[in-house]
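Asker: Attaching a single structure in structure tokens format; questions to follow.
The values are calculated or read from the model by the stated rules, or taken from the named source; none is laboratory data. Since the model is a prediction, treat every value here as computed from it, not as a measurement. Cβ atoms come from the backbone with ideal geometry, glycine included; neighbour counts cover every protein chain shown. Note: areas computed on protein heavy atoms with side chains; ligands, DNA, RNA excluded. Shrake-Rupley method; radii C 1.70, N 1.55, O 1.52, S 1.80 Å.
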Amino acid sequence: DPILSIRGLRKSYASGTEALKSVDLDIRRGEIFALLGPNGAGKTTLINIVCGIVTPTAGEVLIDGRNWQRHYREARKRIGLVPQELTMDVFEPLISTVSFSRELFGRAPDKAKVERILRDLSLWDKRKEILKELSGGMKRRVMIAKALAHEPDILFLDEPTAGVDVELRRDMWALVRRLRDNGTTIILTTHYIEEAEEMADRVGVITNGELILVEAKDELMKKL
Ligand code: ADP
Ligand code: ADP
């Protein structure tokens, strides 16, 4: 059974833009799924709907076959989002930021869990530093730590390597694979074909609000 199902999802913004035109998609448990498409294709809209940030015009999202919106609190705990923009309180020590994120999603405080997440991301030694003083790569790690703080089993990464240098991109890829190997289902968006090729088990190509192709990675690469 898919961990996540998207059915007939549509979004028209108030401006009249049809950002999604009836998208259907099943995400398999434990896979890395890449949503590949150019800027403006609807990737962020899709992610934001599934994460509860944007309201769809029509359609539904199911997690383990249950309607997401009718079980919002429970569903929200299962989803983590690493947004494109690095939104963080720059003057907080990063350990506070990460602990706070955990509680925001209704999980009880747990110092040991937070420590494990920070250690996994090689952030433990920097836990008392304020975000303002961290490098770009470290900030991205903190964004991931924030998204993982409440122990979601589905993680969304919106353009995780947009604007990062090659070294950091490889670092990011390794990190995402490690999360998957630990049992997290990963959905990422990208406009880099090589990123989809490198990372994903399956790829969905989206353009103009339509999911035009969903393939196992190897099949896709034959077609592109
Ligand atoms: P809706 O109420 O349809 O969900 P939002 O509240 O997300 O729409 O956005 C309100 C308005 O903000 C839009 O109608 C649009 O004018 C503007 N807007 C925000 N982000 C964008 C964007 N990326 N592209 C174009 N317009 C935008
Ligand atoms: P992508 O992530 O693939 O770049 P988006 O989901 O951000 O695509 O955008 C899809 C389309 O919807 C674009 O035409 C964009 O300008 C428009 N759009 C995105 N957010 C808003 C908004 N809040 N209000 C109006 N239009 C928007």
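Asker: Considering only region 52-64, state which residues are within 16 Å of ligand 2 (Cβ to nearest atom) and crowded, with 19+ Cβ neighbours inside 10 Å.
Answerer: If the condition is that a residue be within 16 Å of ligand 2 (Cβ to nearest atom) and crowded, with 19+ Cβ neighbours inside 10 Å, then PRO56, VAL61 are the ones that fit.
Asker: Do we find a residue being open to solvent by less than 60 Å² (accessible area, probe 1.4 Å), part of a helix (DSSP H, G or I), free of Cβ contacts under 8 Å to residues at least 60 places away in the same chain and among the basic types (Lys, Arg) anywhere in region 115-136?
Answerer: So far as region 115-136 goes, no, none of its residues is open to solvent by less than 60 Å² (accessible area, probe 1.4 Å), part of a helix (DSSP H, G or I), free of Cβ contacts under 8 Å to residues at least 60 places away in the same chain and among the basic types (Lys, Arg).
Asker: Within region 152-183, track down each residue that is within 16 Å of ligand 1 (Cβ to nearest atom) and surrounded by fewer than 17 Cβ atoms within 10 Å (Cβ to Cβ).
Answerer: The one that is within 16 Å of ligand 1 (Cβ to nearest atom) and surrounded by fewer than 17 Cβ atoms within 10 Å (Cβ to Cβ): ALA162.
Asker: One residue is enough: does region 53-61 have a residue meeting the conditions within 14 Å of the chain's Cα centre (by Cα) and within 16 Å of ligand 1 (Cβ to nearest atom)?
Answerer: Yes, that holds for at least one residue.
Asker: I'm trying to understand the selection: among the residues of region 174-209, which are assigned to a helix (DSSP H, G or I) and among the charged types (D, E, K, R)?
Answerer: ARG177, ARG178, ARG180, ASP181, GLU194, GLU195, GLU197, GLU198
Asker: Out of the residues in region 87-112 that are open to solvent by 60 Å² or more (accessible area, probe 1.4 Å) and at pLDDT 90 or above, state the one that is nearest to LEU175 (Cα to Cα).
Answerer: Going through the qualifying residues, I end up with ALA112.
Asker: When you look at LEU36, is it surrounded by 22 or more Cβ atoms within 10 Å (Cβ to Cβ), touching a residue at least 60 places away in the same chain (Cβ under 8 Å) and away from ligand 1 (no atom under 11 Å from the Cβ), yes or no?
Answerer: So LEU36 fits the description; yes.
Asker: Regarding GLN69, is this residue of a type in the set (S, T, N, Q) and touching a strand residue (DSSP E or B) at 6+ places or on another chain (Cβ under 6 Å)?
Answerer: When the stated conditions are applied, GLN69 does not pass them.
Asker: Got a sec? Which of ILE212, ILE186 is more than 16 Å from ligand 1 (Cβ to nearest atom) and either of a type in the set (Phe, Trp, Tyr) or surrounded by 19 or more Cβ atoms within 10 Å (Cβ to Cβ) (or both)?
Answerer: ILE186
Asker: So, one more: Within the bounds of region 76-86, is there any residue that is aliphatic (A, V, I, L, M), more than 16 Å from ligand 1 (Cβ to nearest atom), open to solvent by 60 Å² or more (accessible area, probe 1.4 Å) and modelled with pLDDT under 95?
Answerer: Yes, region 76-86 contains at least one residue that is aliphatic (A, V, I, L, M), more than 16 Å from ligand 1 (Cβ to nearest atom), open to solvent by 60 Å² or more (accessible area, probe 1.4 Å) and modelled with pLDDT under 95.
Asker: Quickly run through region 18-44 and pick out the residues that are within 13 Å of ligand 2 (Cβ to nearest atom) and farther than 24 Å from GLU198 by Cα.
Answerer: GLU18, ALA19, LEU20, LYS21, VAL23, listed by residue number.
Asker: Checking the conditions here, which among ASN67, ASN48 is open to solvent by less than 80 Å² (accessible area, probe 1.4 Å) and away from ligand 1 (no atom under 16 Å from the Cβ)?
Answerer: After applying the criteria, what remains is ASN67.
Asker: Let me ask something else about it. Has region 1-17 got any residue that is within 11 Å of ligand 2 (Cβ to nearest atom) and either charged (D, E, K, R) or in contact with an Asp or Glu (Cβ under 6 Å, 6 or more places away or on another chain) (or both)?
Answerer: Yes, region 1-17 contains a residue that is within 11 Å of ligand 2 (Cβ to nearest atom) and either charged (D, E, K, R) or in contact with an Asp or Glu (Cβ under 6 Å, 6 or more places away or on another chain) (or both).
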